[in-house]
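Notes follow the structure.
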Amino acid sequence: MAVRASNSEFIEAGRLLFARPFNFVKGCVRIADLPAATGVEVAFAGRSNVGKSSLINALTGRTTLARTSNTPGRTQELNIFVSEGSPLTVVDMPGYGFAKAPKPKVMAWTMLIHAYLTGRPNLRRVYLLIDGRHGAKANDLSVMNELDAAAVSYQIVVTKADKPSDIDLDRAISATRAVIAKRPAAHPDIIVTSAEKKTGLDSLRAEIAALLSGPPV
Ligand code: GTP
Ligand code: MG
């Protein structure tokens, strides 16, 4: 999917931004553990196993910055990564929905997800990841409802675009476009990515670079 025409100027800025080193700061299991709310923060949210950690690795060109796994429930903390020499913080979130982890633990991190998404003052945008094979599910819609209600900007990123057939991918994108059409806090454009094939990354980097350049776009 093409980046917004108005953002084409940010492709190079995005490339440069993500060419910088990113460092892991800490994993937070409580809101109180979060670093001071300064700079521009973006968070990667979505169902367990949708590909949040893999996408962060692909964006930063690192294979092991964020830990990934085939088992849903790999990321269990708010993992904070900061870019050297820019005000950008990237947050890899635990997933919501089914996870192979003890129930109390899943409940605790689900509460943490909701508190963070609706209460972080410097959270400029949530990248809400949707699996290209499945489209948006009920729990994705609940999160969208919450973000709309809290007026937190979010943008849909379709993941694993290498997996479905072109027809199925188009169907999932169209359905998702319909889902966000009237949502006040949703960015109108959907970014389609594959961390595996490294596609769509320039567009996503450009969007994040645009966020850093000034007021919300
Ligand atoms: P949790 O932390 O458990 O919520 O998962 P996550 O959303 O961080 O997903 P993660 O990045 O760990 O990836 C889950 C699985 O999907 C791994 O086996 C990845 O290799 C695979 N995966 C991620 N992105 C892609 C992609 O673009 N294409 C394909 N084919 N597989 C992917
Ligand atoms: Mg993860």
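Okay, residues lined up against (1) in contact with a Pro (Cβ under 9 Å, 6 or more places away or on another chain); (2) free of Cβ contacts under 8 Å to residues at least 24 places away in the same chain; (3) of a type in the set (Asp, Glu):
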{"site": "17", "(1), (2), (3)": "no, no, no"}
{"site": "37", "(1), (2), (3)": "yes, no, no"}
{"site": "53", "(1), (2), (3)": "no, no, no"}
{"site": "67", "(1), (2), (3)": "no, yes, no"}
**Report entry** Only one of 156, 173, 190 that is in contact (Cβ under 8 Å) with a residue 60 or more places away in the chain and within 16 Å of the chain's Cα centre (by Cα)
**Finding:** 190
Query raised in the report: Which one is surrounded by the fewest Cβ atoms within 10 Å (Cβ to Cβ) among residues in segment 90-144 that are without any contact (Cβ under 8 Å) to a residue 12 or more places away in the chain and among the hydrophobic types (A, V, I, L, M, F, W, C)?
Result: 138
Report summary line: Every listed condition ((1) within 16 Å of ligand 1 (Cβ to nearest atom); (2) within 14 Å of residue 176 (Cα to Cα)) holds for residue 95 save (2)
Query - Output for segment 99-151, where each listed residue is over 23 Å from residue 81 (Cα atoms) and polar (S, T, N, Q) - result: 139, 142, 145
Report task. Tell me which residues, restricted to segment 163-217, are loosely packed, with under 14 Cβ neighbours inside 10 Å, among the charged types (D, E, K, R) and farther than 19 Å from residue 137 by Cα. Result -> 166, 197, 198
Query raised in the report: When residue 111 is evaluated against the numbered criteria (1) in a strand (DSSP E or B); (2) at pLDDT below 95, which criterion, by number, is the only one it fails?
Result: (1)
Report task. Name, by its number, the condition in (1) surrounded by fewer than 17 Cβ atoms within 10 Å (Cβ to Cβ); (2) touching a strand residue (DSSP E or B) at 6+ places or on another chain (Cβ under 9 Å); (3) under 27 Å from residue 214 (Cα atoms) that does not hold for residue 36. Result -> (2)
Requested in this report: Identify the residue in segment 61-80 that is buried (at least 21 other Cβ atoms within 10 Å of the Cβ) and modelled with pLDDT of 95 or more and, among all such residues, is farthest from ligand 2 (Cβ to nearest atom).
Outcome: 78
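The values are calculated or read from the model by the stated rules, or taken from the named source; none is laboratory data. These figures come from a predicted structure and were not determined experimentally. Note: ideal-geometry Cβ built from the backbone for every residue, glycine included; neighbour counts use all protein chains shown.
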